[in-house]
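The values are calculated or read from the model by the stated rules, or taken from the named source; none is laboratory data. What you are looking at is a predicted structure, and each value in this text was computed from that prediction instead of being measured. Here Cβ is always computed from backbone atoms with ideal geometry, including for glycine, and neighbour counts include all displayed protein chains. Heads up: the accessible areas ignore ligands, DNA and RNA and are worked out on the full protein's heavy atoms, side chains in. Shrake-Rupley method; radii C 1.70, N 1.55, O 1.52, S 1.80 Å.
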Amino acid sequence: MINVVLGFFIALTVGLTGIGGGSFTVPALLLIVGMPAVEAVGTAFVFAAVLRLIAAPFYVFTGGVHSRYLRLLLMGAVPGLVLGMIALRWLSRGAGSPLVVIILGVLLAMSSSVTFVPRAQNAHFAVKNSRWLPWLALPIGIESGFSSAGAGALGTVLLLNYSEMTPAQVVGTDILFGLVLAIIGSAVHWTLGTISSSVLLQLLAGGVPGVVFGCLLARRVPARKLKAVMAVIAICAGLQLVWSGAASLNARQAAKAARIATAAAKVSRP
C-alpha cells in the first residue's frame, strides 16, 4: 500500500511541474522500501518513463518543442547516460554499494539545489554556440544514467538560461528530452534485470492517476513556489542518503576491522 501512495504523490509533483520523478523516486525506494541502489535506479527509470509519456502531451502540445536543440542535447546526453549506467553498475558490485548510496545522495542534493542558484542568463548563447550544447548535456546524461535524476531540473535550467526559447518551449523540449533518456535507461535496466516488477506495478497503480491529476491542476498551482518546496524536500532526501550511506559504510568497515582483529588473535595464540 505504501508504494501506491508513494507513486501517487511522486507522480502528482511530476504532473504539476514536469520534473521530480527520479529525484523523489530513488530516495523513496532506497530509504523507505529498502531496495538495492541499482534496482532502485532501474525501477525509477521505468516509472519516470511512464509518467513522462503520460505528461508529455499536456506540456508539449501547449508549449511546443524546439527540435534542433532537442537533437543537440540528446547527442551529448545519450552517451553520458550510458557512461553513468556503466559507472553505477561497476560501483554497485560488492562492497561498493554504500558508496553508491552516498554518491546518489550528493548528486540528488546538488541537482535539486540548482533551483536556488541565481540566474546568469545568456539568452543568445545557444544561438551563437549551439555546438556546445552536446557537451553541456553530457554531464546531465551522466547524472541521469547514474541516479535517474537531473534530466528535468538541469535540462530546464540549461534551456531556460542559455537559449532564446520561451518558458513554454523550454518545458515542452525538456519533457521530451527527459522522456527519451528515461526510455533508453529503462530499456537497458530491463535487459540487465535490475528492475523490481512488483514494486514498479504498485508505484504505477498510484502514479498513473497521480500524474494525470497533477497535469490537470498544473495551471491552477503556482509552479515556481511548488518547485522550490520540491527542491528543499529533494535536497533533504539527498542528504539523508549521504548519511545512511556513510553509516552503512562505517558499519562495514567496523565489521571488517573486527574480523581482522579476530583472525589476528587466533593466529597469535600458541
Note to self: Suppose we keep only residues that are under 16 Å from V127 (Cα atoms) and out of contact with any helix residue (DSSP H, G or I) (no Cβ under 7 Å at 6 or more places or on another chain) within the range 149-190. Which one would you say is least open to solvent (accessible area, probe 1.4 Å)?
What the structure shows: N161
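Going by the conditions given, is P57 open to solvent by 20 Å² or more (accessible area, probe 1.4 Å) and in contact with a Cys (Cβ under 9 Å, 6 or more places away or on another chain)?
Spelling it out, P57 is indeed open to solvent by 20 Å² or more (accessible area, probe 1.4 Å) and in contact with a Cys (Cβ under 9 Å, 6 or more places away or on another chain).
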Margin query: Exactly one condition in (1) in contact (Cβ under 8 Å) with a residue 24 or more places away in the chain; (2) over 23 Å from S197 (Cβ atoms); (3) not hydrophobic (A, V, I, L, M, F, W, C) is false for R71; which is it?
Written below: (1)
Next item on the list: Test A11 against the stated conditions and say whether it is of a type outside the set (V, I, T) and surrounded by 24 or more Cβ atoms within 10 Å (Cβ to Cβ).
Entry: yes
Item checked: Qualifying position, being touching a Lys or Arg at 6+ places or on another chain (Cβ under 9 Å) and of a type outside the set (A, V, I, L, M), among P79, P98 -> P98
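Please determine whether any residue of the range 85-107 is more than 26 Å from H189 (Cβ to Cβ), more than 16 Å from the chain's Cα centre (by Cα) and either basic (K, R) or modelled with pLDDT of 80 or more (or both).
no
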Check: What number of residues within the range 1-27 satisfy the criterion of being among the hydrophobic types (A, V, I, L, M, F, W, C) and more than 15 Å from the chain's Cα centre (by Cα)?
Finding: 9
